[in-house]
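The values are calculated or read from the model by the stated rules, or taken from the named source; none is laboratory data. Source: prediction; values computed, not measured. Glycine also receives a Cβ, built like all others from the backbone with ideal geometry; neighbour counts cover every protein chain displayed. What goes into the accessible areas is simple: the full protein's heavy atoms, side chains included, and nothing from ligands, DNA or RNA. Shrake-Rupley method; radii C 1.70, N 1.55, O 1.52, S 1.80 Å.
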Amino acid sequence: MLKVKSRTFILSIFIIAVVVSVGSVWINAARSAEKEPIKVGILHSLSGTMSISEVAVKDGELLAIEEINARGGVLGRKIAPIIEDGASDWPTFAEKAKKLIMKDKVAVVFGCWTSASRKAVLPVFEKYDHLLFYPVQYEGLEASKNIIYTGATANQQIMPGVTWLLKNGHKKFYLLGSDYVFPRTCNLIVKAQLKAEGGTLVGEEYTPLGHTEYSTVISKIKAAKPDVVFNSLNGDSNVAFFKQLRSAGITAKDIPTMSVSIAEDEIRGIGAENMLDHLAVWNYFMNMETPENKKFVAAYKARYGKDRVTDDPIEANYFGVYLWAKAVEKAGTPDPLKVRAAVRGLKFKAPEGEVTVDPTNNHVWKIVQVGKVKPDGQFDIIWSSGKPVAPDPFPSLVSNKIVLEPGKIVDRKK
Amino acid sequence: MGIETLLSQIFNGLSLSSVLLLVGLGLSITFGIMGVINFAHGEFLMVGAYVVYVLQGLFNKFYGHGAAGLSFLISLPLSFFVAALLGFLLEKVLIRFLYGRPYEGILATWGCSLILQQAARNIFGANNVDVTSPKWLAGGVEAMPGLQLPYNRLFILALTTLCVVGIYLYLYRTAQGRRMRAVMQNRDMSACLGIRTRKVDTFTFALGSGLAGIAGCAVSLLGSIGPSTGQNYIIDAFMVVVLGGTGRLAGTIAGALVMGVLNPVFELISTSSMGKVILFILVILFLQGKPQGLFSLKTRALD
């Protein structure tokens, strides 16, 4: 008797379970056929040493996604970001990129900061023929069909910066950088440019990443008497360098520096008083006067706090998300291959002004500006290229290659 | 090379020595006395640096921006106590289970270091934070034309001297210090004679951590304050302690002086990266011949 009763009980539970699960699957299927969100991947270092820069870029990308969702999404579908942590570790970046593409089946990935992490994920994106939006200025010499480079390449930041310095009477250069691929490649270009445009090199120094002791380097700089220090230090070292430069009694009036890796976000950690009147060259500054930028800055502050600042890489993938959404609308599908074709030649009114994706090399046309640090940690924009500069990822000064179309790079004809 | 370059190199050497010594001092105490290889030492330094930042924020809020000098002075003892308290807790919950197991100790303290770094990231954000140096530490003495001795470096020299003298007096002039030295020389015999070695261990670890906190205040004048601040100093600190020989104050001082004076010299004749390589090669060669370091402690323990 007891046995039969319990059997009926189990059976009835089972039937109820089946009915409920089948029902919910059916309802879900019906709902998803209507408006399934488009999944996009976000891949940045949220922990480890690079999170200092990448967290803010992630925030910018999420802001753009929220704004697009608020006005109804793309193709009537919402964008659902899937966030992964690259943990400042290059193999982890490759692994997470694979996970986003294969397991989550995202339509696009926005991510990376260092060239090392981009080089690590590049084979993954090429293998699965997928799409990455990369937001940071870099050394150039790359044009993959699977990457849209929304940051500057060498001829849109480093080279105009050097030319501007030479034109303004800074002839003797001292090159200071962190000891890895970006600063060394960057200075290769600078040295070729000095030779071509009539400057002189009075010193060159590389310090290990995380170096904290700059007294000897400062002594060397003082002895070399340069007109300008061209600074490609990265990370914490910048704080040590500028604090110690100032306490050695050297101001921007004595020896100005021009930095290529210090933006508004980094100045908060260095202290504006330590960097007063020093120079930086970027495509975007927070206090640009365009209406798009005023809206962007206000939205960013409203979302993340009024003490937060925007800067060049944050802006680059903020408009990167918009460019992607516009390409999806144009292609009529989030399919990465079709979006990739649609994004070429696309224009967008970004906070920095109008940007255009170059159809031959997947880089973006951007304006170039030189800024001078003010006491409030913002930049006084003292020079602008006025109109967007065409990207040239393989400058003829250092490379004999030429890009025919994204992914197709051949030797220049002699 | 002009005379002012030479003089400034000598000063740079002494100044770097003082920073290295201050950072290595606490490590030398925990490593030397307890044999614990503490990879979280750099994070105690980071905690000290953040104490400066937090206190300055509070002072700015309540007393306006003119109080940076006072808040920095107060943060010196405060960061010592905060870091010491953290060290005390860490010893109580983790380190004391790992005595005599150096390899597990390395892993466990390294794990702690990662946890503390990420905690700092979650509390203060991933960015570096800025501390305004006190007015009285801005600028420097113009020793001769072209040679300025920055006040903040002079201050760190003085602070280091003060800490070393303090530790010396403590170790050699107080009953507590005597017990510490006894445990260092022969743990079992000290226990037999009635010294509560566990208590000495806890106290030693807290003292070493507290010294890292003071070092954190000092380096906040020269470098960044952020989650990875400790990582930038920890390798050099270990170098100083290993080169100097564990367990001897004089050894740590000698190690810091050798590293601090030679590093700028090599840097001057080659480059920053190569200078460090040359220095580390020399240290390795030296340790091949004399593995105990510059000064070794003659213990009566059989090990």
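Quick rundown of the values:
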quantity	calculated
Per residue solvent-accessible surface (Å²) - the protein assembly as shown, probe of 1.4 Å	42
Longest to shortest principal axis, alpha-carbon extents of the stretch A:66-165, angstrom	48, 35, 25
Beta bridges by DSSP in the protein assembly as shown, antiparallel share as percent, to the nearest 5	45
Average partner coverage of A:243-252, which counts Cβ from other chains inside 10 Å	5
Efficiency of FRET between A:Ser384 and A:Lys127 - r from beta-carbon atoms, R0 30 angstrom, step 0.05	0.15
Members of the stretch B:105-129 that become less accessible by 40 Å² or more once partner protein chains are added (1.4 angstrom probe, chain alone as reference)	B:Arg121, B:Ala126, B:Asn127, B:Asn128
The stretch A:130-145 and the stretch A:301-375: distance between their alpha carbon centers, rounded to Å	13
Given chain B, longest segment not containing exposed loop trypsin sites (Lys or Arg not before Pro) (DSSP; at most 11 other Cβ within 10 Å)	B:1-297
Label-point separation, B:Lys61 to B:Ala143 (7 Å along Cα→Cβ), nm	4.2
Contour minus Cα-Cα distance for B:Ile235 and B:Leu162 (0.36 nm per residue)	23.9 nm
Separation of the B:Arg173 and B:Leu85 label points, Cα + 7 Å toward Cβ, nm	2.9
Whole-Å semi-axes of the stretch A:222-322's equivalent ellipsoid (Cα gyration tensor)	29, 14, 12
Loop-located trypsin sites (Lys or Arg not before Pro) in the stretch A:209-288 whose Cβ has at most 12 other Cβ within 10 Å (DSSP)	A:Lys253
Gain upon complete extension [A:Lys338, A:Lys253; 0.36 nm per residue less C-alpha separation]	25.3 nm
4 °C / 1.567 mPa s Stokes-Einstein diffusion coefficient of the stretch B:1-152, Kirkwood radius on C-alpha pairs, µm²/s	72
Scaled radius of gyration (Cα, divided by 2.2 N^0.38 Å) that the stretch B:21-289 gives	1.03
Förster radius 51 Å - calculated FRET efficiency between A:Glu329 and B:Glu104 (Cβ-Cβ, nearest 0.05)	0.35
Antiparallel bridges, percent of DSSP beta bridges restricted to the stretch A:35-91 (to nearest 5)	10
Estimated FRET transfer efficiency (A:Asn69, B:Gln118; beta-carbon r; R0 41 Å; 0.05)	0.85
J(HN,Hα) series, the stretch A:39-51, from Karplus relation 6.51 cos²θ - 1.76 cosθ + 1.60, nearest Hz, glycine and proline x	7, 10, x, 10, 10, 9, 6, 9, 9, x, 5, 7, 4
Bins of 10 Å from zero: percent of alpha-carbon pairs in the stretch A:137-178	24, 42, 24, 9, 0
q = 0.10 Å⁻¹, the stretch A:135-233: log10 I(q)/I(0) [Debye, one scatterer per Cα]	-0.30
Kirkwood hydrodynamic radius (C-alpha pairs) into Stokes-Einstein, the protein assembly as shown, 25 °C and 0.890 mPa s, D in µm²/s	88
Point-charge dipole on Cβ atoms (K/R +1, D/E -1) for the stretch B:190-303, about Cα centre, debye to 20	460
Share of carbon and sulfur in the accessible heavy-atom surface of the stretch B:112-246 [1.4 Å probe, %]	64
Per-selection Rg to Rh, chain A - Cα, Kirkwood hydrodynamic radius	1.08
Expected 222 nm ellipticity per residue - DSSP helices of 4 or more, -39500 (n - 2.57), all of chain B, to 500	-24500 deg cm²/dmol
Listed pairs A:Lys105/A:Lys413; A:Lys195/A:Lys401; A:Lys99/A:Lys372; A:Lys401/B:Lys276; A:Lys222/B:Lys135 exceeding 31 Å between Cα atoms	A:Lys105/A:Lys413; A:Lys99/A:Lys372; A:Lys401/B:Lys276
Distribution of pairwise C-alpha distances over the stretch A:354-414, 5 Å bins, in %	4, 16, 17, 16, 15, 12, 9, 6, 3, 1, 0
DSSP-defined beta bridges in chain A - what % are antiparallel, rounded to 5	40
The stretch B:201-301 - convex hull of alpha carbons, volume per residue in Å³	122
Protein heavy-atom accessible area occluded, A/B pair - total, 1.4 Å probe, Å²	2900
Test item: A:266-272 mean partner chain Cβ contacts at 10 Å	4
Over chain A: helical MRE at 222 nm, DSSP H runs n ≥ 4 each giving -39500 (n - 2.57), nearest 500	-14000 deg cm²/dmol
Choice from B:Asp201, B:Asp188, B:Asp130 with maximal GNM fluctuation in chain B (Cα, 10 Å cutoff)	B:Asp188
Selected from B:Ala83, B:Ala212, B:Ala67 as most flexible by GNM, with chain B as the system and alpha-carbon contacts under 10 Å	B:Ala67
Added length on full extension, which subtracts the Cα-Cα distance from 0.36 nm per residue, A:Lys195 to A:Glu36	51.5 nm
